[in-house]
């Protein structure tokens, strides 16, 4: 997948590229508004990560331009501004998601994949991993074609695992993905273990082994053979 | 603050006009009374003297005493006495009663004979004149005074009109509208100066407010970006899978602190926005639904049960986003401070939202509960902003929040009007 990262913060650009490259994506960067405009008009991209506060211009203007030209490119806004107005405006203008800085790279990865699954970009709304299959439009998971009953959190957890397969997910990152700012209420994330265990039980014997415990750190979703 | 009793400007001006005007009136009437009385007395004495002089001449010519009762009385005496004036009461045959008179008694030597000459005049007439003068004076004075009072009232109102109009405009001035104040021009120098000063001040306030808003946004951006860098770098380090447990734990600490800082930043910005009244929405919203969503969002995170036994539909006026913040913050507060054996009870009525959670003793400093960064229990990792934000929202939208401790439960009650 070819991704344009329109972000004026070079350090952040580099981190995102490094992370996404592991999934064999091709990343290009635009460090200011005009570079972004010219790249968007010349090249074709599968996805744009768009910072609102580009040094020389407003990312939302770029978004308007893209939509005006009728380009069917998914756009995820990454902004330091948590204000609701910006979020609403961005989404109204046709952005597919809005991610507030700071974010975990695994969270970004999972949002990218969620956007790509959407029907309007002709993506496949199904996720599969060996015998596990998830129909995201129905929010239903199957193991060997047999539906399994998951709670909302367990479902989110499974999708998060598969979209970030082969990556180490710490307890903190998992907790933040599932509960957002609400994790402020707990002092320790050890309780994640309970939720992981429930999920493992429901995934039946074979699939349960995909969730590996990385000792005292967190979890990693990977194929048995690896 | 000065808590002196307030009075309307026009009332105050007319009140002082009335007070001083009446005082001057009373004083001038008293003065007029004494002056007129003195003049009348003086004139009467003079006229009595000249009368006595004419009688003296008449006796000199005729050689006999003259008597006209009761106003002239002359008689021969042995010795010459001293001249004097006195008040007396005599019988007046014309009126057939006793009347007060003023009497001049003088002694003269006419043709080698000593005479005592008494001339008198009726006092009643003098006082009648005095009364007439005073009365007409009061009538004239009152007429002039009332006319003056009425005119000055009208005039004052006219003079102060631009002031009152501008006062109205100042009252409707809103700092958020970003519109300079438009005051009525006037030909009165002081008012014009006042207008200029108010314009300068309000423009300064508007620009300060805009700067502050911009500053808050800039700070947010400037802080969130390095935090995003920290978070992303750590993410990559985890991902590379080449770190040992000790390094990992250090990185987790850094990551957690970065998140803490980001949350703190977000909450402070939210607080500033509420304070600056940047939320203007006030719609009819279904609070019960918002509350249910909020409870759901804590699902799996809370180690204590959240019981919702009595949930009457609660409709409130406000901002849906802020209503969500209220529900989230009160719930998260309850979850944080409930021990693992306790429970949380949520209740709504048609105008109240009540969150109770088990506890051992009442909060020690309930008055500080809504202060920023106040922490009742320092062992908890709380930021101490949740309740401060709830309180600010309540203040802005006219909700009331109260805290009580009863039956081993901390109870927060929100009342919507």
(request) Using only alpha carbon pairs under 8 Å that are at least six residues apart, calculate the relative contact order of region B:9-142 and give it in whole percent. (result) 23
(request) Find, to one decimal place in angstroms, the Kirkwood hydrodynamic radius of chain B, where the mean of 1/r is taken over every pair of different Cα atoms and then inverted. (result) 32.1
(request) Estimate the FRET efficiency between residue B:11 and residue A:120 by the formula 1/(1 + (r/R0)^6), using the beta-carbon distance for r and 60 Å for R0, to the nearest 0.05. (result) 0.25
(request) Note down the nm distance, to one decimal, between modelled labels 7 Å out along Cα→Cβ at residue B:53 and at residue A:83. (result) 10.3
(message) Please compute the average number of Cβ atoms from other chains found within 10 Å of each residue's Cβ in peptide B:216-228.
(response) 5
(request) Let me know the Kirkwood hydrodynamic radius for region B:190-275, please, with Cα pairs as the basis and the value in Å to one decimal. (result) 16.2
(message) Run the numbers for residue B:321 and residue B:289: contour at 0.36 nm per residue of separation, minus the present Cα-Cα distance, in nm.
(response) 10.3 nm
(message) Highest mean first, how do B:224-231, B:343-350, B:164-171 rank when packing is the count of other Cβ atoms within 10 Å averaged over residues?
(response) B:224-231, B:343-350, B:164-171
(message) So, R0 is 30 Å and r is the distance between the beta-carbons of residue B:26 and residue B:124; what FRET efficiency does that work out to, to 0.05?
(response) 0.70
(request) Give me the angle, in degrees from 0 to 90, between the Cα long axis of helix B:320-336 and the longest principal axis of the Cα atoms of chain B, rounded to the nearest 10. (result) 70
(message) Over chain A, what is the relative contact order in percent, taking alpha-carbon pairs closer than 8 angstrom and at least six residues apart?
(response) 12
(request) Quick one: compute the contact order of chain B, relative version, from alpha carbon pairs under 8 angstrom and 6+ residues apart, as a percent. (result) 8
(message) Order A:175-182, B:50-57 from most to least packed using the mean count of other Cβ atoms within 10 Å.
(response) A:175-182, B:50-57
(request) Would you calculate the separation in nanometres between label points at residue B:109 and residue A:165, each defined as 7 Å from the Cα along the Cα-to-beta-carbon direction? (result) 15.8
(request) Among DSSP beta bridges lying fully in region A:10-133, give the percent that are antiparallel, nearest 5. (result) 35
(request) Please give the residues of region B:1-44, grouped as numeric ranges, whose backbone N is less than 16 Å from a label point set 7 Å along the Cα-to-Cβ vector of residue B:146. (result) B:18, B:22
(message) Please compute the average number of Cβ atoms from other chains found within 10 Å of each residue's Cβ in peptide A:104-111.
(response) 3
(message) If I stretch the segment between residue A:43 and residue A:139 completely, what's the gain in nm (0.36 nm per residue apart, minus their alpha carbon distance), one decimal?
(response) 31.1 nm
(request) Would you mind putting B:284-295, B:105-116 in packing order, based on average other-beta-carbon counts within 10 Å, highest first? (result) B:284-295, B:105-116
(request) Report the residues of region B:52-66 in range of a label on residue B:75: point 7 Å along Cα→C-beta, backbone N strictly under 14 Å from it. (result) B:65-66
(message) Test of understanding: what is the full-extension gain from residue B:171 to residue B:136, defined as 0.36 nm times their sequence separation minus their Cα-Cα distance?
(response) 7.6 nm
(message) Under the rule a/c < 1.5 gives rounded, and otherwise a/b versus b/c splits prolate from oblate, where does region B:278-333 land using the Cα gyration tensor?
(response) oblate
(request) Extending each Cα 7 Å along its Cβ direction at residue B:200 and residue B:373, get the distance between those two points in nm, one decimal. (result) 3.6
(request) On a 0 to 90° scale, report how tilted helix A:33-42 is relative to the longest principal axis of chain A, with both axes built from alpha carbons and the result rounded to the nearest 10. (result) 80
(request) Show that you can apply the helix-only estimate: for chain B, add -39,500 (n - 2.57) for every DSSP H stretch of four or more residues, divide by all residues, and state [θ] at 222 nm to the nearest 500. (result) -20000 deg cm²/dmol
(message) Counting only other chains, and only Cβ atoms inside 10 Å, what mean value do you get across the residues of A:184-197?
(response) 4
(message) Which of rounded, prolate or oblate describes the protein assembly as shown when judged by the alpha-carbon gyration tensor and an a/c cut-off of 1.5?
(response) prolate
(message) To test your reading of the geometry: what angle, between 0 and 90 degrees and rounded to tens, separates the Cα axis of helix B:9-62 from the longest principal axis of chain B?
(response) 10
(message) Suppose R0 equals 30 Å. What FRET efficiency, 1/(1 + (r/R0)^6) with r the Cβ-Cβ distance, do residue B:210 and residue A:34 give to the nearest 0.05?
(response) 0.60
(request) Pull out a ≥ b ≥ c, the square roots of the eigenvalues of the alpha-carbon gyration tensor of region A:2-121, then state rounded if a/c is under 1.5, prolate if not and a/b is larger than b/c, and oblate in the remaining case. (result) rounded
(request) With runs of 4+ DSSP H residues as the only contributors, calculate the mean residue ellipticity of chain A at 222 nm using -39,500 (n - 2.57) per run, divided by the residue total and rounded to the nearest 500. (result) -12000 deg cm²/dmol
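Laboratory data are not the source of any read-out in this text; all were calculated from the coordinates shown. This one's a predicted model, so the numbers in the text were calculated from it and none came from an experiment. Using ideal geometry, Cβ is built from the backbone for each residue, glycine included, and neighbour counts are taken over all protein chains shown.
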